[in-house]
Amino acid sequence: MDTSLPKLDQFLAAVEAATTDGSLVRLALRMPFGADETLKSVDIKPATIRDALKLSFTFHHKTRDLTQNHPPDGAIGQLKRLIEKDFRQAFLFTTGFDLAYDAQGKQPRLKQTEATSKAPATLEHDREKARPIKAVEANWLAALGVTGADGQVLKAAGDKFRQINRYVEILGPLLKAIPPDRLKRVVDMGAGKGYLTFAVADYLCQLDRQSTDVVGVEFRQDLVDFCNRTAQDSEIGNLSFAQGTIESFDSTGADALIALHACDTATDDAIAKGIAAGAELIVVAPCCHKQIRREMEAAHQGTDLDFVTRHGIFLERQAEMVTDAMRAMILEHFGYSTKVFEFISDVHTPKNVLIVGTKTRRGKDAGALKRLEAAKAYFGIRRHHLEDALGL
Ligand SMILES: C[S@@+](CC[C@H](N)C(=O)[O-])C[C@H]1O[C@@H](n2cnc3c(N)ncnc32)[C@H](O)[C@@H]1O
C-alpha cells in the first residue's frame, strides 16, 4: 500500500487490487450523511453476470432495496463518489485482510485487521434471503448486539437473529390482518432488552403503519433507559418503553398484546391485561410453569398420576402442557380462538411454544369454564393464576 497517498486513495487502490486478484469478498458502506436521507447503507459484492465480472451494489433505502451492477472500472468511480458524498465509513473484506476506512474524525483513518472471512466470494448473483427484518437495514440490531458496525450478523447472535425474524414472520401477518383503525397500540409485556419490541415497531414502519404505538413494559429501569435511548437513536418514533410491573400496567387501549418468555405467572398477568383491554390479538410464548408444577407435585403424591409426575422431567413437561392448555381454555371463555404451536426448533430454545389468541367472539363461553373446572379437578389443581389475575 502506498502510504504517501491520501487515505481514501489507499482504500480505493486496495479495492482495485482485491478485485483484480480475486481476493475481494465484499464491501460495506455505513454511517450515511448524504443528501438522500432515505439511503441507509450500501453492500457491494463481486458477481459474475452474463460471464462478466461485475460489482453488484445493493442500495438499502428506508423502505426498499435497489441494485446496480457495474464493471470493475466504473465501480471504483461509483464507490469513490459514495464515500465522498454519502458515507463516513467503508469496509473492505478480502480473503487476506479486512480494511476499514473511517472519515468520522477530522482526519480520515485506515485500519487493517485480520480477515473475517478467508473464503472467497461465490460470485453467484444471489439475493439476500427474504427476511422481514434485514440485518443491514435495522440499525437497532447493532445497539442490541446482534449485528456489527458493518451491519452483518455477529457469529454469536445468529440464533437470536433467526428467532427475531421467526417471531415477525408469525406475528407480522396477524398484526397486518388487523385494520389500521383497530390497531392503535401494541404492548409487549416483559420486554427485556426489547428484541421483539423493536422488531414489531420496525415491521409496522415497513408497512407504513407508524400511527400504531408500540410500547414495551419492563420492570428493570436500566433496560427501559437503554431501550428508550436506542429507539431515539434509531429514529423509530412510534416506539417507547415504560418502567413498571405487568400487574400494575394500565393496558387500556391495547389492541394487541404480546409477551415473550415472561417468567412463570407473569405470562398469566400479561394475558389478563390483554383480556381486560379487549385486545384483538394476544400472543404469548410462556417461560417456566412453576405455579401449576407446585400444585401438581403436591396433589399427585400417592395418587394414580404419581407414576408420571414423580419423575422431575415428566412433571415439568406435564405442568407446561396443563398450564398452557388451561390458558387457552380461559382465552376461549373470553371469546378468543386459540392456536398453540411450536414456533421455532427446540434446538434453539426449549421455550418454543406459542399461544395465539384472536378475538373472534363477543360474550363469554361458559362451556370453556366448565371444561377448565373438570381439568383442574382431574389434575388436582386448586387455582390457575390466570383465574386469580382475571378475578374469575
Ligand atoms: C426472559 S426475559 C424476556 C425478555 C424479552 N421478552 C425477550 O424475549 O427477549 C423476561 C423479562 O421480563 C421482565 N419481567 C418479568 N416479570 C415481570 C413483571 N412482572 N413485570 C415487568 N417485567 C417483568 C424481566 O425483568 C425480564 O427482563
What residues from the stretch 275-319 fall in the zone where the backbone N is under 15 Å from a label point 7 Å along the Cα-to-C-beta line of Ser337? 280-282
Give me, ordered by chain and number, the residues 5 or more places off Asp98 or on other chains with an amide H under 5 Å from its own placed amide H. Thr113, Glu114, Ala115, Thr116
So if I place +1 on the C-beta of Lys and Arg and -1 on the C-beta of Asp and Glu, and nothing else carries charge, what would the dipole magnitude of the stretch 187-264 be about its Cα centre? I want it in debye, nearest 20. 100 debye
What does the accessible area per residue of the stretch 156-390 come to in Å², with a 1.4 Å probe and no ligands, DNA or RNA counted? 46 Å²
For the stretch 156-390, with all protein chains present and a 1.4 Å probe, just round the carbon and sulfur fraction of the accessible area to a whole percent. 52 percent
Please list the equivalent ellipsoid semi-axes of the stretch 156-390, computed as the square roots of five times the alpha-carbon gyration tensor eigenvalues, in descending order and whole angstrom. 32, 20, 15
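May I ask you to give the average projected area over all directions of the convex hull of the Cα atoms of the chain, in nm² rounded to one decimal?
Numbers: hull surface 92.9 nm².
Average of the hull's projected areas for the chain equals 23.2 nm².
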The chain - percent relative contact order, Cα under 8 Å, separation 6 or more: 10 percent
Of the accessible area of the stretch 7-93, computed with a 1.4 Å probe and all protein chains kept, carbon and sulfur make up a percent value of 50 percent
accessible surface per residue for the stretch 7-127, probe 1.4 Å, DNA/RNA/ligands not counted, whole Å² -> 55 Å²
Size of electric dipole in the chain: Cβ of Lys, Arg +1 and of Asp, Glu -1, about Cα centre, debye, nearest 20: 380 debye
Residue by residue through the stretch 243-254, what is 3J(HN,Hα) from phi via Karplus (6.51 cos²θ - 1.76 cosθ + 1.60, θ = phi - 60°)? Round to whole Hz and write x for glycine and proline. 7, x, 8, 4, 4, 9, 6, 7, 8, 3, x, 6
Students often check this: by mean Cβ neighbours within 10 Å, which of 23-29, 167-173 ranks highest, and how do the rest follow? 23-29, 167-173
Using a ≥ b ≥ c from the Cα gyration tensor of the stretch 7-127 (square roots of the eigenvalues), is it rounded, prolate or oblate, where a/c under 1.5 gives rounded and otherwise the larger of a/b and b/c decides, a/b for prolate? oblate
Among Lys111/Lys351; Lys40/Lys339; Lys160/Lys376; Lys111/Lys160; Lys62/Lys106, which pairs are too far apart, with a Cα-Cα distance over 31 Å? Lys111/Lys351; Lys40/Lys339; Lys160/Lys376
With a cut-off of 8 Å between alpha carbons and a minimum separation of six or more residues, what is the relative contact order of the stretch 156-390 in percent? 17 percent
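The values are calculated or read from the model by the stated rules, or taken from the named source; none is laboratory data. All figures in this text were calculated on a predicted structure; none of them were measured in a lab. Here the Cβ is made from the backbone with ideal geometry for all residues, glycine too, and neighbour counts use every protein chain on show. What goes into the accessible areas is simple: the full protein's heavy atoms, side chains included, and nothing from ligands, DNA or RNA. Shrake-Rupley method; radii C 1.70, N 1.55, O 1.52, S 1.80 Å.
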